[in-house]
Amino acid sequence: MTPMVDAQNVYKSFGALDVLRGVTLSVQPGEVMCLIGPSGSGKSTFLRCINHLEQINAGRLYVDGELVGYVERGNVLHEMSLRKAARQRRDIGMVFQRFNLFPHVTALGNITMAVIHVKKTPKKQATARAAELLDMVGLSHKAHAYPAQMSGGQLQRVAIARALAMDPKLMLFDEPTSALDPELVGEVLEVMKKLADDGMTMIVVTHEMGFAREVADSLVFMDNGVVVEAGDPRTVLTAPQHKRTQEFLAKVV
Amino acid sequence: MAAAQGNLGRVPGDEVPPPPERIRAKPLRHPGRTAWAAVIVFSLFLFIYGAATNAAYDWDTYFQYLFDQRFWQAAGITLLLTVLSMVLGVTLGVILAVMRLTPNRIMQSVSWGYVWIFRGTPVYVQLVFWGLFSTIYPRLDFGIPFVEQFFTIETAAFAENVFWLAVIGLSLNEAAYMAEIVRGGIQSVDEGQSEAATALGMSRALALRLVILPQAMRAIIPPTGNEVISMLKTTSLVTAVPYTFDLYARARDLSVETFNPVPMLLIASTWYLLFTSILMVGQHYLERHFARGASRIMSDRQLQALADAEDDNLLKDAK
Ligand SMILES: Nc1ncnc2c1ncn2[C@@H]1O[C@H](COP(=O)(O)OP(=O)(O)O)[C@@H](O)[C@H]1O
Ligand SMILES: [Mg+2]
């Protein structure tokens, strides 16, 4: 089976700063992977590389068997055209720590915008699907509310619905609950759990160890731009092998 | 509204206690403000009285010429100059702003250089230059430089069309200001917005059109409103081209004709003021349109709907 994400020795640097220094991991279809690690270890950068918001400098990165950001002809890599890159991105959903909802349109408008203008789905069909998704995240009554009129937890659930509306084959979550008041974290995790149960392939950067333990199929601990330890979440969380993992978990839990 | 908010704190199954008596406080007095207002209103009255009785204003002539065909035709031309120059100026301004924000260094420099020149020199001087265009460039050759010419335009013919020279002069100058306004607007939009749009598979152009510009509008509209009003008045400089059919030129012509300049200037001012007022109303509605979603404040209707929804929930919980 082709892995959904296959990272082989991925390097990424910003100028002189090496952020990813040989990340190797793979995510199978239907797998939920949680990515943990100290701040600045390169977790966000890795997610951004997967949907080509950043271009990698070395190694190979495949999504669903297709090279990300480059086209390989013969033995030579060519930078990918902007159009093809956009085409790749629409199959990958991304949820941001700060929601990044579009404030000038309603919840419904947020969900349908790209479906109508990028996928060219007829408006009526897009709206019907958006209504279903709003129902799934429990926000049918907020369809016509603007982002400024919603709570953080509601915003993040709309953001998840917005990403799902594109029918992605892979969902990336970058600390989806870190900007939320504690009492709002649960409602977002619940939606994510529902997604995982439905078989969505997900990579989740998170500090919610409870979610990692219950929902994730695998757990990866990153530090300093490399994967330090990976495996079954319960094993890694209860019996971390590596010293850096032990230190990190001692601080977080 | 007060009643609606009172409902939100209710606990299901509770007896609802009667609300306490509504506060009816004595309003705070501001004697200082009242005194100042009286002084200002009285001064204003003196000025209006003086103007009405001052023979130099010659109100009879003012009313005689106010709706004179020569005036409203010139007013129409001034309006047309304003609208055309603004439409072209805004369009070019948006293009320049987008050029300035592309990663392409050459585009950036061209845009920067344009703004440097057109904002850095007086519009009056620029208009004189446009009037001299056919003297500076008698012929425009189209073709492959130094190799072959396809066709040639004699500029003298199109230089006769002074109206369009005025429009070109005004709009190219305006584009420099609009470029800066639009650029500021685009940069005021949070970076996460274009990131989210990109992640959804939108192209740069689509993201700009659907996500960035509509949000930038909130920052762009108020200064653009100023620009329109400023443009309306700057049209009085087209005499530099020289173009002489606009409102101010007409007021000067009629001043000479009637030997009575003051009422003519008053009439021109009245027309300018009328257009400015109409523009202000338009700006108000545009601002309101692009403020959508900008506020947490809900309309009375939204608040009522929310209160009703809460009531429904309470009923359901109680059962
Ligand atoms: N666009 C960028 N330019 C320069 N440095 C960056 C950029 N993005 C991230 N970094 C740096 O890369 C490092 C890793 O960042 P990040 O991937 O956000 O870490 P994490 O998400 O694990 O906290 C940090 O030191 C950060 O400052
Ligand atoms: Mg991060």
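General remarks:
- Computed FRET value (nearest 0.05) for A:Asp197 with B:Asp253, which takes r as the C-beta separation and R₀ as 60 Å: 0.15
- Stretching the chain fully between B:Phe151 and B:Ser109 yields a gain of 12.1 nm (0.36 nm per residue, less the alpha carbon separation).
- Difference of contour (0.36 nm per residue) and Cα-Cα distance, A:Gln28 to A:Val71: 13.2 nm
- Working note: 222 nm ellipticity from helices only, DSSP H runs with n ≥ 4, each -39,500 (n - 2.57), summed and divided by the residues of chain B, gives -23500 deg cm²/dmol to the nearest 500.
- On a per residue basis, the convex hull of the C-alpha atoms belonging to the protein assembly as shown measures out at 278 Å³.
- Surrounding net charge for B:Phe133, when Lys and Arg each add one and Asp and Glu each subtract one, Cβ distance under 13 Å: -1
- Calculated FRET efficiency for the pair A:Ser151/A:Ser13, C-beta based, R₀ 56 Å, to 0.05: 0.90
- Counting 0.36 nm for each residue step from A:His144 to A:Met1 and taking away their Cα separation leaves a gain of 47.3 nm.
- A cut-off of 5 Å between modelled amide H atoms, ignoring neighbours fewer than 5 places along the same chain, links A:Leu170 with A:Gly93.
- Separation of the B:Ser269 and B:Arg119 label points, Cα + 7 Å toward Cβ, nm: 3.2
- Estimated dipole of region B:59-306 in Debye, rounded to 20 [Cβ of Lys and Arg +1, of Asp and Glu -1, Cα centre]: 700
- Label zone at B:Asp190 (point 7 Å along Cα-to-Cβ), backbone N below 15 Å, region A:133-173: A:146-160
- With helices as the sole contributors, chain A gives -11000 deg cm²/dmol at 222 nm; each DSSP H run of n ≥ 4 counts as -39500 (n - 2.57), and the sum is divided by every residue.
- One Cα centroid belongs to region A:133-185, the other to region B:138-200; the line between them spans 42 Å.
- Projecting the Cα atoms of A:Gly22, A:Gln55, A:Ile36 onto the charge dipole of region A:1-102 (Cβ charges, centred on the Cα centre) puts A:Gln55 farthest toward the positive pole.
- Residues of type lysines that A:Lys251 reaches as a straight line, Cα spacing below 22 Å, ignoring anything fewer than 8 places off in the same chain: A:Lys43, A:Lys243
- Cα-based shape type of region B:59-306, given that a ≥ b ≥ c are square roots of the gyration tensor eigenvalues and the cut on a/c is 1.5: oblate
- Inter-part distance, region B:100-128 to region B:207-226, computed on C-alpha centroids, equals 21 Å.
- Rounded if a/c under 1.5, otherwise prolate or oblate - region A:51-94, Cα gyration tensor axes: prolate
- Lys, Arg +1 and Asp, Glu -1 on Cβ, resulting dipole of region B:18-91 about Cα centre, debye, nearest 20: 680
- Relative contact order %, region B:139-260, counting alpha carbon pairs below 8 Å whose residues are six or more apart: 21
- Average Cα contact separation per residue, chain B, under 8 Å, 6 or more apart, as relative contact order %: 26
- Most fluctuating residue given options B:Asp68, B:Asp246, B:Asp58, as computed from a GNM of chain B linking Cα atoms under 10 Å: B:Asp68
- The three principal axes of the C-alpha atoms in chain A carry coordinate ranges of 50, 48, 36 Å, sorted with the longest axis first.
- Förster radius 45 Å - calculated FRET efficiency between B:Leu66 and B:His30, Cβ distance, rounded to 0.05: 0.65
- Global form of region B:117-224, assessed from the alpha-carbon gyration tensor, a/c cut-off 1.5: oblate
Each value in this text was obtained by applying a stated rule to the coordinates, not by laboratory testing. Remember, it's a predicted structure, so these values are computed and weren't measured experimentally. Here the Cβ is made from the backbone with ideal geometry for all residues, glycine too, and neighbour counts use every protein chain on show.
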